[in-house]
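Undergrad: Take this structure, written in structure tokens, and hold onto it; I'll ask about it next.
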Amino acid sequence: MNRIISSALSVSALILAVILPREEAVAQTTYELKGLREEAQAYGIFLKETGESQMSAEGRSYDVSRQLDEKIKNFDEAINRNDAAAVASLFTDGAIFVNYGGPLSGREAIEKQYVEWFKQWHHNNHLDIKDSDSLRIVGTADNIALNGKWSETDQQGEASVQLNGYWSAIYVRVGDTWKIHWLTYNVTPFPATATTAQTK
């Protein structure tokens, strides 16, 4: 009887040894396919599985990318006008702005910070360049993450400094427009002679 039980256990162990690796392989393949599908959705901006044609999806992708380009241009223009209210209007009410001085929360705090920066330095030639390959869905197609690089010239009296760096942002759809919900940036290299000019 013990030999029968022992044989049965051996057979069961052998079956598990064969089946479990296959199940793990299937699970891994499923996970990888899910990742590829998410990448495909991001590349196609962010299809909602409506069954639309590839041409239609690419058209929507172009539209969203173009709309975000317009918002980035609006940001550049507001910075170059040194208009704190216009800059703040591009953010959501509960936006987070992580800058060299630490995180700011809310549109009002962001506007207040830009008011102070614009008092200290006059900002010219601000330019944000989006990395066209960086667009990604964050949760749903109404939340788009992207990144890029930036540059500007800051002046204080006769003194001026050229600043450069990188940024990342999450834009969210609010009604029929897009607003910044999260923005972070750095300065490369951080200039020792312009400790109050870094505004993004």
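Only the coordinates and a few stated rules stand behind these numbers; no lab work does. Note that the coordinates shown come from a computational prediction; the quantities given were computed from them, not determined experimentally. As a convention, Cβ positions derive from the backbone with ideal geometry for all residues, glycine included, and neighbour counts pool all protein chains shown.
Undergrad: Report the full-extension gain for the segment GLN162 to ASN147: residue separation times 0.36 nm, less the Cα-Cα distance, to one decimal in nm.
TA: Details: separation 15, 0.36 × 15 = 5.40 nm, distance 2.06 nm.
Fully extending the segment from GLN162 to ASN147 adds 3.3 nm.
Undergrad: At q = 0.17, 0.20 Å⁻¹, what base-10 log of I(q)/I(0) does the Debye formula yield for segment 80-200 when every alpha carbon is treated as an equal point scatterer in vacuo?
TA: Taken in order of the listed q values, log10 I(q)/I(0) reads -0.87, -1.18.
Undergrad: Same structure, new question: What nm value, rounded to one decimal, do you get for the distance between ASP133 and SER105 when each label is placed 7 Å out toward the C-beta?
TA: Label-label distance for ASP133 and SER105, simple model: 3.6 nm.
Undergrad: Starting from 0.36 nm per residue, how many nanometres of slack lie between ASP93 and GLN120 once their C-alpha separation is accounted for? Write out the running numbers ahead of the final one.
TA: Working: separation 27, 0.36 × 27 = 9.72 nm, distance 2.54 nm.
Residue separation times 0.36 nm, minus the Cα-Cα distance, leaves 7.2 nm.
Undergrad: Quickly work out the ALA85-to-GLN155 label distance, labels modelled 7 Å from Cα along the C-beta direction, and quote it in nm with one decimal.
TA: It works out to 2.4 nm between the two label points.
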